[in-house]
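> Shown below is the structure under consideration.
Each reported figure results from applying straightforward, stated rules to the coordinates on display, with no laboratory input. In this text, all values refer to a predicted model and were calculated from it rather than measured experimentally. Don't worry about glycine lacking a Cβ; one is built from the backbone with ideal geometry, like all the others, and counts go over all protein chains shown.
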Amino acid sequence: MRNVLSIILIMCGSLAASGQQRSLTDSLHYRAELQTTLSTGDHTPLWLNANKYGLSSLKTANGYLRGAVARPLSADDGRKWGIGYGVDMAVAAGFTSTLVMQQVYVEGRWLKGTLTVGAKEYPMELKNQELSSGSQTLGINARPVPQVRIALPEYWTIPGTRNWLALKGHIAYGKTTDDNWQKDFVSPQNRYTEGTFYHSKAGYLKIGPSKFTAELGLEMACQFGGKSYYELSRDDWQWISNEGGLKSMIHAFVPGGGEVNETTYENASGNQLGSWIVRLNYEADTWEGSFYLDHFFEDQSAMFMLDYDGYGDGAEWNTKKDNKYLLYDFKDMMLGWELKLKQCDWLKNIVVEYLYSKYQSGPVYHDRTQTISDHIGGNDNYYNHHIFTGWQHWGQVMGNPLYRSPLYNDDGSIRVADNRFVAWHLGISGKICEPLNYRVLSTYQTGLGTYNDPFTSKQYNFSLLAELSWQLKAGWSVRGALAMDSGKLLGDNFGAQISIAKSGIFAK
């Protein structure tokens with residue numbers, strides 16, 4: 001974070017000296033916010049905590065004072081190049097840390113491409129930011145990871161396609177910041193990591209300039225490098241140093257290699273995961289409708305729903321002999337429907353989602369042996385990993401929050417204890433009158449635990465959020481929300497949250 005702040009100050013000084021000080025301070029936005037959350041039960045209700053970029057808490061009494069200053073890249077829309085930066089921090093009570101550096105970044109743009117250095121909140125792609133339960137790979141549930149990110153953030157029309165094909169995407173490398181939190185949270189006989197690196201990449205193709213459009217996307221991410229620790233007994237820690245250097249960065253980008261503690265059976269280096277995303281849109285005069293699919297995968301077999309299973313027998317048990325493959329069922333997915341009503345203020349947006357994650361390529365994982373040469377790549381164990389602490393940052397999953405985050409665990413383990421579930425989710429929003437908007441989220445979930453540690457019986461949960469927001473004069477806004485959880489999966493919780501914010505642009 002200090003390095004990013006230094007870059008911002010150096011850039012400001014150099015551009016000011018070159019006679020471009022006005023462009024650096026033009027459109028400088030500010031925001032100040034005070035938020036308080038009070039709850040009864042064991043935790044803050046789900047939808048008062050989830051999908052807030054990790055600036056939230058499960059403790060029943062929590063709050064923060066937040067301040068941010070940012071210059072958006074859009075301030076230079078009339079130029080071939082642009083410069084943006086931002087500092088966003090909070091002083092919190094009842095959080096995993098008292099001082100939260102939520103966003104610190106500097107970014108530049110040349111034509112359509114951008115380069116960003118630092119921690120920044122990035123919205124979900126191809127989903128409604130306020131009403132969706134969340135993306136399964138690149139979600140908005142955890143604190144931003146400081147990274148270097150090259151992106152084409154908006155669709156760029158491919159020349160010669162008559163506006164029928166457009167692309168956008170990004171490539172990023174970064175490093176997680178929750179080492180100390182992991183050490184404090186973890187209990188004996190459980191695993192934690194230090195110095196973990198982060199990689200993500202995504203590409204999206206848009207087809208059609210007409211009323212009907214299709215968007216196809218692939219999101220992939222990886223945790224790699226650093227050290228993984230496991231306590232054998234009190235103060236007796238065993239650790240391994242994971243693959244590092246340039247080779248680990250290459251294997252994060254193009255999955256390959258193997259873990260340092262693997263010999264005969266090598267999986268790809270690091271914790272690899274991703275999603276295939278499809279979104280179909282239709283726009284009419286008075287409404288817009290969309291259907292989307294998000295298929296999550298933890299390995300190559302689930303990515304292509306296909307696995308090699310043609311090894312020989314006896315001495316050739318580890319030799320590929322036959323053109324034989326195992327085809328997996330296409331079960332695990334998020335299905336979503338979104339409707340936007342253009343001429344109905346009181347009901348503007350409706351989102352319905354169905355999530356199924358029970359299959360995970362089946363319950364059995366078996367690598368070929370001299371006696372049994374069949375290979376079955378099941379038990380994918382979504383968001384968990386045998387070396388890394390899984391797809392989480394500061395205790396919150398970095399994907400969809402219906403995969404129960406490690407913060408909920410009372411046994412000191414940094415793992416997702418419920419990743420096999422079925423859920424229905426409904427989100428609606430609209431405007432009651434000109435300054436008053438509302439949002440309602442409702443989710444019903446049936447959880448089974450994991451294949452390795454299943455619940456003794458199904459656990460259920462119903463979560464509800466009702467939120468009102470007032471947009472007042474002079475940049476003031478007030479947001480109030482009531483929420484609840486009911487069921488064994490998250491406990492019986494009821495809470496209220498109120499936020500008061502002031503935003504605007506600094507006068508010249």
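> Return the whole-Å distance between the Cα centroid of segment 456-508 and the Cα centroid of segment 82-119.
23
> Moving on. Which aspartates and glutamates, if any, have their Cα less than 14 Å from the Cα of Lys168, not counting same-chain residues under 8 positions apart?
Glu125, Glu154, Glu215, Glu219
> Can you put Cys433, Cys344 in order, fewest other beta carbons within 10 Å first?
Cys433, Cys344
> Okay, moving on. Put a dot 7 Å past each Cα toward the Cβ at Thr25 and Leu218; how far apart are the dots in nm?
In this crude label model, Leu218 to Thr25 measures out at 4.8 nm.
> Checking the cross-link filter: which lysines have an alpha carbon closer than 16 Å to that of Lys321, excluding same-chain neighbours under 8 positions apart?
none
> Then there's this: Calculate the spin-label point distance for Val148 paired with Asp492, positioning each point 7 Å from the Cα along the beta-carbon direction, and give it in nanometres.
5.4
> Quote to one decimal, in nm, the extra length available between Val364 and Asp77 on full extension: 0.36 nm per residue of separation minus the C-alpha distance between them.
Working it through step by step, the gained length comes to 97.9 nm.
> Of Lys175/Lys201; Lys112/Lys340; Lys80/Lys342; Lys52/Lys127, which ones are farther than 25 Å apart at the Cα?
Lys112/Lys340; Lys80/Lys342
> Select from Ala90, Ser187, Phe304 the residue farthest towards the positive end of the dipole of the chain; place +1 on Cβ of Lys and Arg, -1 on Cβ of Asp and Glu, and compute about the Cα centre.
Looking along the dipole axis, the top candidate is Ala90.
> Contact order normalised by length for segment 327-413, with contacts defined as Cα pairs under 8 Å and 6 or more residues apart; what percent is it?
Value for segment 327-413: 16 percent.
> Once you place label points 7 Å from the Cα toward the Cβ at Thr446 and Trp337, how far apart are they in nm?
Taking the two extended label points, one gets 2.0 nm.
> A further question follows. Can you tell me, using C-alpha contacts under 8 Å and at least 6 residues apart, the relative contact order of the chain as a whole percent?
14
> Leaving out same-chain residues fewer than 8 places away, which aspartates and glutamates sit with a Cα under 19 Å from that of Lys59?
Once the sequence-local aspartates and glutamates are set aside, what remains near Lys59 is Asp42, Asp178, Asp184, Asp410, Asp411, Asp485, Asp492.
> By how many degrees, 0 to 90 and rounded to 10, does the Cα axis of helix 2-17 deviate from the longest principal axis of the chain?
40
> At a Förster radius of 60 Å, what calculated FRET efficiency corresponds to the Cβ-Cβ distance of Leu34 and Leu246, to the nearest 0.05?
Efficiency at R0 = 60 Å is approximately 0.85.
> With a cut-off of 13 Å, note down the residues of segment 359-375 whose backbone N falls inside the zone around a label point 7 Å from the Cα of Phe304 toward its beta carbon.
none
> Counting each DSSP H run of 4 or more residues in the chain as -39500 (n - 2.57), what helix-only mean residue ellipticity at 222 nm follows after dividing by all residues, to the nearest 500 deg cm²/dmol?
After summing the helix terms and dividing by the residues of the chain, the value is -2500 deg cm²/dmol.
> Label the chain by shape, choosing from rounded, prolate and oblate, from the square roots a ≥ b ≥ c of the eigenvalues of the Cα gyration tensor; if a/c is under 1.5 it is rounded, and otherwise prolate applies when a/b is larger than b/c, oblate when it is not.
rounded
> A further question on this structure: Of Ser442, Ser275, how do they rank once you tally other Cβ atoms within 10 Å and put the fewest first?
Ser442, Ser275
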